[in-house]
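The values are calculated or read from the model by the stated rules, or taken from the named source; none is laboratory data. None of these values were measured; they are calculated from a predicted model. Note: accessible area is taken over every heavy atom of the protein model, side chains too, but ligands, DNA and RNA are not part of it. Shrake-Rupley method; radii C 1.70, N 1.55, O 1.52, S 1.80 Å.
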Amino acid sequence: MNHSRISRALTLLMAVFMATAAFAAPTQKVKWSTEIDSLSPTEGVLKFTAVIDPTYHIYGMTHEVDPSLQIQPTEFTFDAVDGLEFVGQPTSNVTVKREFDEVQKLEIPIYEGTVIFSQPFKWTGNGAVDIKGKVRSMACDATSCTPPFKYSFDVMFGNSTAGVAKSKPVVVPTEPAAEVSAADTGVNSGWWEPVQMQSAEEEEQASVWMILLIGFAGGLLALLTPCVWPMIPMTMSFFLKKGRTRSKSISDAITYGVSIVVIYLVLGIGITLLFGASKLNDIATSAVFNLIFFALLVVFAISFFGAFDIKLPSKWSNKMDSRAEATTGALSIFFMAFTLVLVSFSCTGPIIGTLLVEAASQGSLLGPALGMGGFALGLALPFALFAFFPSLLKEMPKSGGWLNSVKVVLGFIELILSLKFLSVADLAYGWHILDREVFLSLWIVLFVLLGMYLLGKLRFSHDSHSEHTGVFSFFLAVISLSFAMYLVPGLWGAPLKSISAFAPPLTTQDFNLYGGTFREFDDYDEGMKYAQDNKLPVLVDFSGFACVNCRKMEGAVFDTGEVRDIVENGYVLIKLMVDDKAPLAKPYEVEENGSPTLIETVGEKWSYLQRTKFGISSQPYYVILNNEGAPLMPSRVYDENVDAFVKWLNEGAEKYQTSK
């Protein structure tokens with residue numbers, strides 16, 4: 001066995017994992033300022049200075065960037081004012097630098113260091129003019145990107161200006177103006193003052209490691225699809241026909257497995273870096289993204305049902321296959337692994353896509369890396385086992401109708417999972433087209449149809465005829481039909497804790513025979529005012545529509561009678577959704593990290609509150625406050641231990657009473 005080759009491959013794989021584990025989302029890396037050069041009483045030049053941190057860059061302006069590039073260009077927008085005309089497009093004082101991107105195969109224009117952007121304008125109106133607008137940009141280094149950042153500017157120009165008119169500073173008022181409510185500004189009182197928080201001693205969240213296990217299970221599931229299963233004997237014959245010794249064949253098979261892992265791992269990390277790891281959570285909660293993924297899963301499901309085939313161009317796989325035949329050594333094995341990835345795309349694509357969306361909720365590079373690594377490990381491991389024990393190939397069932405049945409079952413699973421992504425968009429934007437009872441009704445129907453298919457009562461055009469039901473299919477049908485029956489009480493308000501992470505919350509259900517929902521506030525200031533007036537402690541729940549762990553906590557902890565009684569009778573519950581896309585009636589600016597930030601949506605407002613007051617941005621996040629907005633207890637995060645949560649609530653209530 002070539003131990004050095006295997007050792008080098010494993011060392012490379014370990015290095016990739018260690019690098020991803022050390023990854024952290026970057027902070028804002030660009031500082032913007034604005035000024036005006038007055039050329040005459042009617043002409044001037046807006047100048048925007050961007051001071052970019054070393055090692056970072058921003059992308060070129062909109063007119064400099066190829067529209068096909070998956071990046072956020074530096075974009076200038078100006079509010080329309082009668083008599084104000086902008087001449088041409090913005091220009092920069094330095095030549096834009098162009099770098100070739102290996103992933104997108106295109107040149108990407110970037111700016112580094114300190115850059116001054118200029119926008120000439122003409123003013124034909126009377127008196128002075130207030131010029132307003134926004135600059136949207138993204139900063140990246142070699143490994144990560146910040147989220148797209150909006151810089152708002154507001155400068156004066158006119159007959160009263162001379163020379164240079166500096167931009168007006170952003171002022172965060174300590175008290176709201178008379179015509180602006182507390183809810184509009186969010187900076188009105190001590191309720192918003194930053195506090196020093198201490199987290200409760202909890203076990204480390206295992207969600208990122210669960211993604212590794214889910215990925216591994218997905219890889220094993222992909223092995224049973226019609227695209228991958230026939231590749232096992234084909235791949236084994238590729239190695240056996242080389243006529244090498246058994247030890248050499250085993251060494252090559254291990255190299256083959258490691259190559260599969262590396263290919264999928266690079267794919268996962270590449271997708272993450274393309275969009276920016278700190279942007280992943282925003283992508284996962286985007287209505288457009290969720291609707292696109294919903295549509296993709298439906299299309300894949302229809303394909304799995306036999307309506308049509310989805311395949312990558314055959315010339316791609318043929319080219320990789322010919323490369324594998326023409327080359328020797330480790331390179332030929334790598335091309336063979338790449339052939340497997342391309343050929344299996346139509347079956348593994350939906351599994352990988354679902355996995356990456358789940359990993360996106362982590363908001364870091366580690367989630368996709370572990371998820372894709374686990375998937376590749378589950379897919380590659382059987383090939384290594386068959387190499388060690390070639391006699392197992394003789395025991396393998398041959399390709400046939402059973403593989404098509406697996407594909408149809410996957411189609412049902414894709415349809416079932418697709419509703420989760422439609423639900424995320426529906427909740428985030430408040431469309432109410434997929435409330436809880438509608439969601440459950442669709443799931444019940446799909447699980448019943450899946451059970452009927454497994455029993456042979458439902459057939460598709462390309463299914464082979466069978467006069468009996470297999471034992472394995474029978475038990476799967478029992479599970480599917482039983483699960484459908486389990487969901488039925490949910491139509492009348494049953495909690496259904498096992499699916500709380502997927503189904504819309506009970507608050508979206510109109511008919512509930514199992515008791516009402518919590519009396520809760522969705523506005524921080526309103527809830528704090530109510531608690532102050534009624535002399536009650538406050539339980540703040542930072543949550544999100546797309547937060548799977550938030551749904552789990554609601555089903556496993558908040559829906560229990562003991563927790564419900566304590567919260568309903570002893571607390572004011574304030575539940576704040578950080579991904580709520582509803583626009584604010586009056587957007588406002590705040591100063592954050594030395595730069596102005598425009599708060600435009602309800603979710604942005606609550607996310608800003610969580611970041612600035614408590615110094616954290618993950619969900620779920622629970623904190624108990626007194627009527628002045630000060631914490632009474634260490635905060636809590638995701639933990640389904642009901643007894644520990646009850647103890648925490650009781651101690652918080654006791655501290656509130658003793659502190660009055």
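Here is how the numbers come out for the structure above:
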read-out: Residue that is nearest to Phe521 (Cα to Cα), among those in segment 608-631 that are among the small types (Gly, Ala, Ser) and modelled with pLDDT of 85 or more; value: Gly629
read-out: Complete set of residues in segment 198-219 that are modelled with pLDDT of 65 or more and either open to solvent by 70 Å² or more (accessible area, probe 1.4 Å) or outside any helix (DSSP H, G or I) (or both); value: Trp209, Met210, Leu213, Ile214
read-out: Test: residue in segment 536-558 that is in a helix (DSSP H, G or I), at pLDDT 80 or above and open to solvent by 40 Å² or more (accessible area, probe 1.4 Å); value: no
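Condition check ((1) modelled with pLDDT under 90; (2) under 29 Å from Val266 (Cα atoms)) across all residues:
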| position | (1), (2) |
| --- | --- |
| Thr49 | no, no |
| Asp53 | yes, yes |
| Val65 | yes, yes |
| Thr74 | no, yes |
| Asn93 | no, no |
| Glu112 | no, yes |
| Asn126 | yes, no |
